[in-house]
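Read the structure below first, then the notes.
Every number in this text was worked out from the coordinates using simple rules, so none of it is lab data. Everything numeric here is computed off the predicted structure, so don't read it as measured data. Note that each Cβ is placed from the backbone with ideal geometry, even for glycine, and that neighbours are counted across all protein chains shown.
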Number of protein chains: 2
Amino acid sequence: MITARALPGLPEIRPGDNLGVELAALARDAGVANDDVLVVSHKVVSKAEGRIVALSGVTPSVEAKVLAHRHGKDPRHVQVILDETAELVRAERGVLICRTHHGFVCANAGVDASNAEEPDTVITLPRDPDASARGLRTALRRAAGAYPAVVIADSFGRAWRHGQVDVAIGIAGLEPLADWRGRADRQGRALQATWIAVADQAAAAADLARAGKDSGEPAVLVGGLGAHVTRRHGPGARALLRARDEDLFA
Amino acid sequence: MITARALPGLPEIRPGDNLGVELAALARDAGVANDDVLVVSHKVVSKAEGRIVALSGVTPSVEAKVLAHRHGKDPRHVQVILDETAELVRAERGVLICRTHHGFVCANAGVDASNAEEPDTVITLPRDPDASARGLRTALRRAAGAYPAVVIADSFGRAWRHGQVDVAIGIAGLEPLADWRGRADRQGRALQATWIAVADQAAAAADLARAGKDSGEPAVLVGGLGAHVTRRHGPGARALLRARDEDLFA
């Protein structure tokens with residue numbers, strides 16, 4: 001059985017706060033075990049890491065000004081998006097679909113204006129979300145006395161389907177993918193293309209456990225995935241990224 | 001808290017079997033409640049509905065022969081895929097990415113050779129998965145005495161990311177999407193683009209609860225989503241499909 005429980009009570013996180021210690025306190029109170037997965041919304045990770053940009057200090061480029069004009073956005077906000085972007089995949093109707101420097105393809109390069117404590121600031125993705133996940137996991141072991149896996153999640157739009165689902169952008173200690181491709185099905189024939197994005201599904205399950213995006217519950221403990229939790233940190237969310245020239249779907 | 005429990009013991013399903021009655025027996029034994037969501041893998045639904053095609057009876061067209069030759073596939077299998085396809089989105093390295101007649105974009109139009117009881121047969125998606133979900137829900141009410149929501153799920157590949165996640169292809173009684181776009185965050189500013197694909201995330205959570213694709217556990221009971229379960233069947237998975245000309249991501 002899979003369980004996903006939101007852990008209430010995380011205080012507002014500010015740059016420089018020790019998020020690992022704060023999460024460890026919640027996780028300990030919740031009785032965290034070594035085979036659990038702690039899923040954390042990226043925004044608190046970004047805040048703790050100081051990934052907050054004051055728009056007053058941003059000077060937009062000509063490209064940012066043109067895009068902003070065309071899509072009804074603040075040119076300084078667009079400049080922050082472009083700074084996070086390796087490739088602008090598409091720009092339409094106020095949304096910029098970007099491939100970030102990490103390799104994630106998402107709206108506005110993951111730069112978000114909502115939920116920032118300060119007005120006129122935006123929040124970017126962590127610089128290296130896999131490293132952030134590893135750091136949180138190590139802090140949890142020290143402070144909570146358990147060694148759960150850690151997943152950092154963000155809500156992404158999808159091609160062809162409405163709505164957003166949470167996906168893993170940083171992972172430590174959870175297999176990103178479970179490979180069933182070599183196994184036979186019950187009739188003994190090879191299963192076709194069964195390669196399950198376990199970490200993304202864990203992020204999605206965790207998102208369901210949040211009462212709402214404004215509930216202030218960025219941490220969710222997912223149980224029942226012990227078969228995929230590893231002592232080593234493993235390859236991280238990087239392993240989920242398709243190389244551009246391999247992508248059949250886009 | 002969200003829970004997802006696989007319901008073991010579903011017998012092998014054959015065309016004409018009353019899947020609703022079989023599922024009702026499992027759900028009743030599991031103590032199904034009105035605010036639960038029963039997630040069912042499409043394959044058993046397709047089998048019960050006789051959506052099994054014997055390749056011996058298929059005559060491939062010239063197009064099917066050309067595609068099959070180019071991608072190392074059985075021309076008859078390709079013909080079944082083309083029969084299910086409204087638009088061939090891409091064809092590369094043995095995989096055909098198709099928009100099905102329902103509007104789903106997925107590999108091989110959802111036509112699957114694995115797990116079929118009979119050799120040299122393939123299984124197609126249900127003709128109208130939302131109608132299938134409604135039918136199962138009605139059968140559950142009669143036979144299990146509870147009125148859970150029903151989601152029919154399939155594993156889809158994604159653009160830009162490796163691995164597959166389960167998504168909802170048929171829905172009865174669950175909101176496909178939870179719309180937080182009008183709500184304010186804790187700082188009182190409007191949330192950006194927060195439109196959560198609840199049913200897809202429920203399908204993903206359910207997939208995690210299966211021990212494996214060969215475990216013979218196509219039915220998973222998801223609890224904790226009562227806020228999204230509705231008495232009416234609702235708009236179905238059709239509401240999750242982006243119109244082609246609206247799609248920013250693809």
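For chain B, the mean residue ellipticity at 222 nm estimated from helices alone is -8000 deg cm²/dmol, where every DSSP H run of n ≥ 4 contributes -39500 (n - 2.57) and the total is divided by all residues, rounded to the nearest 500. Averaged over peptide A:239-245, the number of partner chain Cβ atoms lying within 10 Å of each residue's Cβ comes to 3. For the peptide B:86-92, the mean number of other protein chain Cβ atoms found within 10 angstrom of a residue's Cβ is 2. Close Lys pairs in the protein assembly as shown, defined as Cα atoms under 22 Å apart and 8 or more places apart or on different chains, number 8. Residues of segment B:87-101 falling in the label zone of B:Val66, defined by backbone nitrogen less than 19 Å from a point 7 Å along Cα to beta-carbon, are B:87-99. For the protein assembly as shown, the alpha-carbon radius of gyration amounts to 0.97 times the rule-of-thumb value 2.2 N^0.38 Å expected for a compact globular protein.
In the assembly of identical copies, B:Arg141 has its label point, taken 7 Å from Cα in the direction of the beta carbon, separated from the corresponding points by 5.3 nm (ascending, one decimal). Under 19 Å from a label point set 7 Å out along the Cα-to-Cβ vector of B:Arg244, the amide N atoms of segment B:154-169 belong to B:159.
Position A:Gly31: other-copy label points at 1.6 nm, ordered by increasing distance, label point 7 Å along Cα→C-beta.
Projecting 7 Å from Cα along the Cα-to-Cβ direction, the label point of A:Asp128 sits 5.5 nm from its equivalents in the other copies, listed shortest first. The mean number of Cβ atoms from other chains found within 10 Å of a Cβ in peptide B:127-134 is 0, as a whole number. Descending by average beta-carbon neighbour count within 10 Å, the peptides B:195-201, A:142-148, B:54-60 line up as B:195-201, A:142-148, B:54-60, the highest first. In a fully extended conformation the segment linking A:Thr138 and A:Asp83 would gain 16.8 nm over its present Cα-Cα distance, using 0.36 nm per residue. How much of the calculated P(r) for chain A lies past 31 Å, in percent of all Cα pairs? Tail of P(r) above 31 Å: 26 percent of Cα pairs. Between B:Ala91 and B:Ala131, the contour length at 0.36 nm per residue exceeds the Cα-Cα span by 11.4 nm. Simple point charges give the picture: +1 on the Cβ of Lys and Arg, -1 on the Cβ of Asp and Glu, and for chain B a dipole about the Cα centre of about 560 debye. Name the residue, out of B:Gly173, B:Gly224, B:Gly16, whose mean-square fluctuation peaks in a Gaussian network model built on chain B with Cα pairs under 10 Å. Largest GNM mean-square fluctuation: B:Gly16. Computed from backbone phi, the HN-Hα couplings of segment A:142-159 come to 5, 9, 9, x, 10, 10, x, 6, 10, 10, 9, 10, 9, 8, 10, x, 10, 5 Hz, rounded to whole numbers (Karplus: 6.51 cos²θ - 1.76 cosθ + 1.60, θ = phi - 60°; Gly and Pro given as x).
The peptide list B:103-112, A:83-92, put in order of mean Cβ contacts within 10 Å with the highest first, becomes B:103-112, A:83-92.
From the alpha carbon centroid of segment A:70-115 to that of segment B:69-144 is 35 Å. Taking amide H atoms as placed 1.01 Å from N in the peptide plane, the amide H of B:Arg161 lies under 5 Å from those of A:Arg242, each 5 or more residues away in sequence or on another chain.
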